[in-house]
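The structure appears below as structure tokens.
Laboratory data are not the source of any read-out in this text; all were calculated from the coordinates shown. Just so you know, these numbers come straight off a predicted model, no measurement behind them. Heads up, the Cβs are rebuilt from the backbone with ideal geometry, glycines too, and the neighbour counts pull from every protein chain shown.
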Amino acid sequence: MTNEESRDIIMNNYLEPYHRNMPHDGYEKTNTRNVSCIDNINLYIKWKDDTIEDITFDGEACAISISSTSIMIKNLIGKTSKEALEYIKEFYKMTDGEPFNKDLLKDACCYEEISKQKGRKVCANLPLKGIEKAILEHLK
Amino acid sequence: MNREDFPLLKEEIIYFDNSATSLKPKCVIDKMVDYYTNYPANAHRGDYDLSYKVDQEYEETRELVKDFIHARFLEEIIFTSGTTESLNMIVTGFFEELLEANDEVLITTSEHASNVLPWFRLANKKGIKVNYIPLDNNYYVTIDNLKKVITPKTKVISIAGITNVIGDIRPIKEICKLAHENNIFVILDGAQMVPHMKVDVEDLDVDFLAFSAHKMCGPTGVGVLYGKKELLEHLEPPILGGGMNESFDSPSEIYLKELPTRLEAGTRNIAGVIGFGETIKYLNKIGMERIHNYETDLRKYLIDKLLPLKHIDIINIESDSGIITFNVANVFSQDVAYYLNKYNVCVRAGNHCAKILKSSVGVNNTVRISLYFYNTYEEIDNLVELLSNYDKIVKEMI
């Protein structure tokens, strides 16, 4: 993925994020925020047994956090908890600058270079941290 | 002005985050290195020359601070770790004992967390009421609005002299006059005021004042708690230990030292306090009035340049301090800060520790420029050029 392609994916998902401010009656809510900055996002998850049937979100955050949330939602809907946790693990590998499974992350590969920007790594990881917490809670 | 005094300013960097902390001039850094290198003894402890020198330097800072804020007595100057500790000491050491359930404290929604949370805790602990002085359309405190919320139960007004988001300069002298006519104490959070303009505690007639060295070219970890002597006598020491006691034999026989030592338990930040003394000498040389006037001119210059930019929404056009808070249309404040950082321009994004202000302003997060005397018109030109091109901001914000 070129820098220009990455940029386009991020900007498109920032300007028109997927499933932002959508109805979420009966969904499980989880909040995710960065203590070091001001990003603050609520995720709403609808489960069907062990499968994520739907996710919506609202809140305030920077371009990286919003776009990362949007891309994550697109990629996680339809996944089982185990598949979702696998996705999250690969995402963290990418933002840590380690080798990762590009096929699994799809569009989310646009954040490959973010491991070099310490300040923004937490922004990209933010929604993943939130959904990870919600999945682990769901599995309890 | 005086840019040559600051080692960091030799680099290609524009520092506009002075409300968070200020840069340090070489003379202050050197003074602390001198302590650590040449006389690193403890204060008030030794009977030898090195320790004597420490005592002298440490107490000279107290003298300098006393004169700087025009306090009456040396005993009124207590060294703390910063404004936050000073405010907490005032609330827990003085007012927790004094206030009763349903007594009222007046603050505003634009206070910093350190002037809100200690009161909230006291509200939970003792049932006092935390009420708010309404802000006017410019988010200012007015005497008329203050009069509306004073009741017979009001015991304390605790407010910032200059707020760290709106940057308004509060009419502290008038507030104190009205407060004292009604037997109300006034605590002045001077964190953003003392570094930028002359603050005379006797003229203002404040009962307590808190401020930090690091926001005024001094070291981190040093602050001042000023209180009128007759009030400080009743402030319960928050920490007990060495240096502050005269003798102790049993729980019923504890004898504490007089002010100010009684409120400075343990080994203090000696290097910091000594460095702070040098800071005050440095600021005195420049002149606080000169600093304030220069910052006011610089602010006006920036506002005049930003106003024509349609995509910039300035929150505090009218304030008189060096704080300018704004947003760029449809761009999250942190993305603006990130964009400016690419050009080595340091600004702050967020809620600036004033988390309840959003209820008044209706904006959660902003970009804040905070000026100091070493900032220049040229730096403002560079900033404005970067902010002028909206497409460039959007293109480069990620």
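In chain A, Cα pairs under 8 Å separated by at least six residues give a relative contact order of 27 percent.
Note that segment B:252-263 has calculated 3J(HN,Hα) couplings of 8, 10, 10, 10, 9, 6, 6, 5, x, 4, 4, 9 Hz, one per residue in order, obtained from phi through the Karplus relation 6.51 cos²θ - 1.76 cosθ + 1.60 (θ = phi - 60°); glycine and proline are x. Relative to the longest principal axis of the Cα atoms of chain B, the long axis of helix B:172-181 lies at roughly 50 degrees.
Take each residue in A:54-63, count the other chain C-beta atoms within 10 Å of its C-beta, and the mean is 3. Would you mind pulling out the separation of the Cα centroids of segment A:10-30 and segment B:178-226, in Å? That distance is 46 Å. Each Lys or Arg adds one and each Asp or Glu takes one away; over the other residues whose Cβ falls under 12 Å from the Cβ of residue B:176, this sums to -3. Taken as Cα centroids, segment B:1-43 and segment A:93-123 sit 38 Å apart, rounded to the nearest whole angstrom. Taking Cα atoms only, the orientation of helix B:117-126 departs from the longest principal axis of chain B by about 50 degrees. Take the Cβ atoms of residue B:254 and residue B:382, set R0 to 56 Å, and the FRET efficiency comes out at 0.40. Taking the Cα centre of segment A:3-139 as origin and assigning +1 to Lys and Arg Cβ atoms and -1 to Asp and Glu Cβ atoms, the resulting dipole is close to 360 debye. Amide H to amide H, with H built 1.01 Å from N, residue B:186 comes under 5 Å of B:157, B:207, B:208, counting only residues 5 or more places away or on other chains.
Cα centroids of segment B:87-109 and segment B:273-289: 32 Å apart. Think of segment A:3-139 as having a plus end and a minus end, set by charges on the Cβ of Lys, Arg, Asp and Glu; of A:23, A:75, A:139, A:139 sits farthest toward the positive end of this dipole.
Net charge in the neighbourhood of residue B:282 (other residues with Cβ under 12 Å of its Cβ; Lys, Arg +1, Asp, Glu -1) is +2. Rounded to the nearest 20 debye, the dipole size of segment B:171-285 about its Cα centre is 600 debye, using +1 on the Cβ of Lys and Arg and -1 on the Cβ of Asp and Glu. Quick one: angle between helix B:288-306 and the longest Cα principal axis of chain B, in degrees between 0 and 90, rounded to 10, please. Here the helix axis deviates by roughly 30 degrees. Sorting B:229-240, B:373-384, B:96-107 by their mean Cβ neighbour count within 10 Å, with the most densely packed peptide first, gives B:373-384, B:96-107, B:229-240.
Ordering B:186, B:206, B:141 by Cα displacement along the dipole of the protein assembly as shown toward the positive end leaves B:141 in first place; charges were set at the Cβ atoms of Lys, Arg (+1) and Asp, Glu (-1). In segment B:107-184, Cα pairs under 8 Å separated by at least six residues give a relative contact order of 33 percent.
With a cut-off of 13 Å between beta carbons, the residues surrounding residue B:380 carry a summed charge of -4, where Lys and Arg count +1 and Asp and Glu -1. Taking 0.36 nm per residue of separation and subtracting the Cα-Cα distance, full extension of the segment from residue B:297 to residue B:149 would add 49.8 nm.
The residue list B:314, B:227, B:376 was ranked by how far each Cα lies along the charge dipole of the protein assembly as shown toward its positive end, using unit charges on Cβ atoms, and B:314 comes out on top. Annotation: extensible slack from residue B:138 through residue B:41 equals 29.8 nm (criterion: 0.36 nm per residue apart, minus Cα-Cα distance).
With contacts taken as Cα pairs under 8 Å and at least 6 residues apart, segment B:288-396 reaches a relative contact order of 29 percent.
Of all the options B:86, B:212, B:333, the one that moves most in a Gaussian network model of chain B with Cα springs shorter than 10 angstrom is B:333.
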